[in-house]
Amino acid sequence: MHTIVKHPLIDVKLSIMRDENTKSKEFRENLNEIASFMCFEVFKDLQTYDSDETYFTPTGVKLHKKKLTQKIIIAPILRAGIGLCDGIKNMVPTARIGHIGMYRNEETLEPVEYYFKLPDVENPLVVIVDPMLATGGSAIAAIDACKKRGYKNIRLMCLVGAPIGVTNVEKAHPDVHIYLAALDEKLNEKGYIIPGLGDAGDRIFGTK
Ligand code: PRP
Ligand code: URA
């Protein structure tokens with residue numbers, strides 16, 4: 001299943017990111033802001049409970065602090081997934097961060113796992129994050145890596161997806177809900193999303 005998180009503010013920010021002349025700082029800012037907006041949809045079904053912690057409103061009413069029932073792990077696929085983390089943490093400060101190291105072999109486009117570390121949390125919701133869902137290979141491998149270690153409740157949050165990537169992830173992992181800010185047209189012969197926004201990792205970290 002997948003959801004396109006449609007919002008005019010996201011469309012405006014995404015078009016800034018797609019512009020080849022947008023510099024790294026502005027690219028990162030817009031990426032994090034879109035990630036914050038997307039949290040509204042990705043976490044909308046979470047339950048809360050009234051904790052033992054109490055406070056008074058300025059009108060003298062005593063209330064219990066609301067807390068999230070579900071423990072959350074944000075798991076960026078390295079490197080580019082890091083680019084969404086601040087935006088998500090701003091919205092969900094109690095979320096813990098893990099890291100999944102995955103790169104695409106540029107010839108075969110096959111993902112290679114080189115690092116995996118998630119925080120030790122019981123029964124978490126794991127949200128795997130990456131700006132780009134191209135062939136879907138990296139996302140599928142990241143989900144495989146989580147399931148292999150016993151994680152069951154997994155969502156995937158990306159900025160831009162290609163139809164083939166969405167289809168591939170849905171086939172491999174029908175239980176994982178995919179959230180996107182945009183579903184683009186296609187992949188080019190090098191596996192880049194068209195129109196896309198180029199190499200997200202390079203643009204976030206200024207490596208090219
Ligand atoms: C990019 C992107 C995804 C992957 C998407 O990472 O951030 O992880 O490619 O492609 P796929 O759906 O075809 O697997 P890349 O391998 O370029 O690594 P980087 O984050 O280090 O730049
Ligand atoms: N990875 C990127 O960074 N960009 C794409 O368009 C496809 C994969």
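The values are calculated or read from the model by the stated rules, or taken from the named source; none is laboratory data. The shown structure was predicted, so the numbers you read here are calculated from the model rather than taken from an experiment. Quick reminder, even Gly has a Cβ in these numbers, built from the backbone with ideal geometry, and neighbours come from all protein chains shown.
Does Thr108 satisfy the condition of being farther than 16 Å from Ala200 by Cα, surrounded by fewer than 16 Cβ atoms within 10 Å (Cβ to Cβ) and within 16 Å of ligand 1 (Cβ to nearest atom)?
It is true that Thr108 is farther than 16 Å from Ala200 by Cα, surrounded by fewer than 16 Cβ atoms within 10 Å (Cβ to Cβ) and within 16 Å of ligand 1 (Cβ to nearest atom).
Of the residues that sit in the stretch 111-141 and are in a loop (DSSP other than H, G, I, E, B) and among the aliphatic types (A, V, I, L, M), which one is farthest from ligand 1 (Cβ to nearest atom)?
To start, the set of residues in the stretch 111-141 that are in a loop (DSSP other than H, G, I, E, B) comprises 118-124, 134-136.
Those still in the list that are among the aliphatic types (A, V, I, L, M) too: 118, 121, 134.
Numbers: Leu118: 17, Val121: 23, Ala134: 3 Å.
Top of the filtered list is Val121.
Identify all residues within the stretch 22-81 that are polar (S, T, N, Q) and either modelled with pLDDT under 95 or not in a strand (DSSP E or B) (or both); write none if there are none.
First, the residues of the stretch 22-81 that are polar (S, T, N, Q): 22, 24, 30, 32, 36, 47-48, 51, 54, 57, 59, 69-70.
Result: Thr22, Ser24, Asn30, Asn32, Ser36, Gln47, Thr57, Thr59, Thr69, Gln70.
Of the residues in the stretch 142-159, how many are aliphatic (A, V, I, L, M), crowded, with 24+ Cβ neighbours inside 10 Å and either more than 10 Å from ligand 1 (Cβ to nearest atom) or in a strand (DSSP E or B) (or both)? Quick ask: steps written out before the conclusion?
Going residue by residue through the stretch 142-159, those that are aliphatic (A, V, I, L, M) are 142-143, 145, 154, 156-157, 159.
Pick out the ones that are also crowded, with 24+ Cβ neighbours inside 10 Å and you get 142-143, 156-157, 159.
With either more than 10 Å from ligand 1 (Cβ to nearest atom) or in a strand (DSSP E or B) (or both) added as a condition, the list becomes 143, 156-157, 159.
Residues that pass the stated criteria total 4.
Restricting to the stretch 177-208, count the residues that are of a type in the set (Val, Ile, Thr), more than 9 Å from ligand 1 (Cβ to nearest atom) and surrounded by fewer than 22 Cβ atoms within 10 Å (Cβ to Cβ). Outline the logic, then answer.
Looking only at the stretch 177-208, we keep the residues that are of a type in the set (Val, Ile, Thr), and these are 178, 193-194, 204, 207.
Right, trim to more than 9 Å from ligand 1 (Cβ to nearest atom) and you get 178, 194.
Right, trim to surrounded by fewer than 22 Cβ atoms within 10 Å (Cβ to Cβ) and you get 194.
Matching residues across the stretch 177-208 total 1.
In the stretch 182-208, how many are part of a strand (DSSP E or B) and more than 20 Å from Leu14 (Cβ to Cβ)? It would help to see each step written out before you state the result.
Pass one, the stretch 182-208, residues part of a strand (DSSP E or B): 182-183, 186-187, 193-194.
If we keep only those that are more than 20 Å from Leu14 (Cβ to Cβ) as well, we get none.
Selection size over the stretch 182-208: 0.
Does any residue in the stretch 184-199 that is under 23 Å from Arg28 (Cβ atoms) come within less than 8 Å, Cβ to Cβ, of a residue that is away from ligand 1 (no atom under 11 Å from the Cβ) and assigned to a strand (DSSP E or B) six or more places away or on a different chain, and which pairs are these?
Asp184/Ile194; Ile193/Lys186; Ile194/Lys186
Scan the stretch 169-181 and tell me whether some residue there is more than 23 Å from Asn32 (Cβ to Cβ), in a strand (DSSP E or B) and either of a type outside the set (A, V, I, L, M, F, W, C) or in contact with a strand residue (DSSP E or B) (Cβ under 7 Å, 6 or more places away or on another chain) (or both).
No, the stretch 169-181 has no match at all.
Here's a check for you: in the stretch 160-176, which residue that is of a type outside the set (A, V, I, L, M, F, W, C) and buried (at least 19 other Cβ atoms within 10 Å of the Cβ) is farthest from Asn105 (Cα to Cα)?
Let us first name the residues in the stretch 160-176 that are of a type outside the set (A, V, I, L, M, F, W, C), namely 161, 163, 165, 167-168, 170-171, 173-175.
Checking the rest, the ones that are also buried (at least 19 other Cβ atoms within 10 Å of the Cβ) come to 161, 165, 173.
Values: Gly161: 19, Gly165: 16, His173: 22 Å.
Of everything passing the filter in the stretch 160-176, His173 is farthest from Asn105 (Cα to Cα).
Rundown of residues vs (1) surrounded by fewer than 18 Cβ atoms within 10 Å (Cβ to Cβ); (2) under 20 Å from Val166 (Cβ atoms); (3) under 12 Å from the mean Cα position of the chain (by Cα), yes/no style:
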| position | (1), (2), (3) |
| --- | --- |
| Asp50 | yes, no, no |
| Lys66 | yes, no, no |
| Ala95 | no, no, no |
| Tyr103 | yes, no, no |
| Leu133 | no, yes, yes |
| Ile140 | no, yes, no |
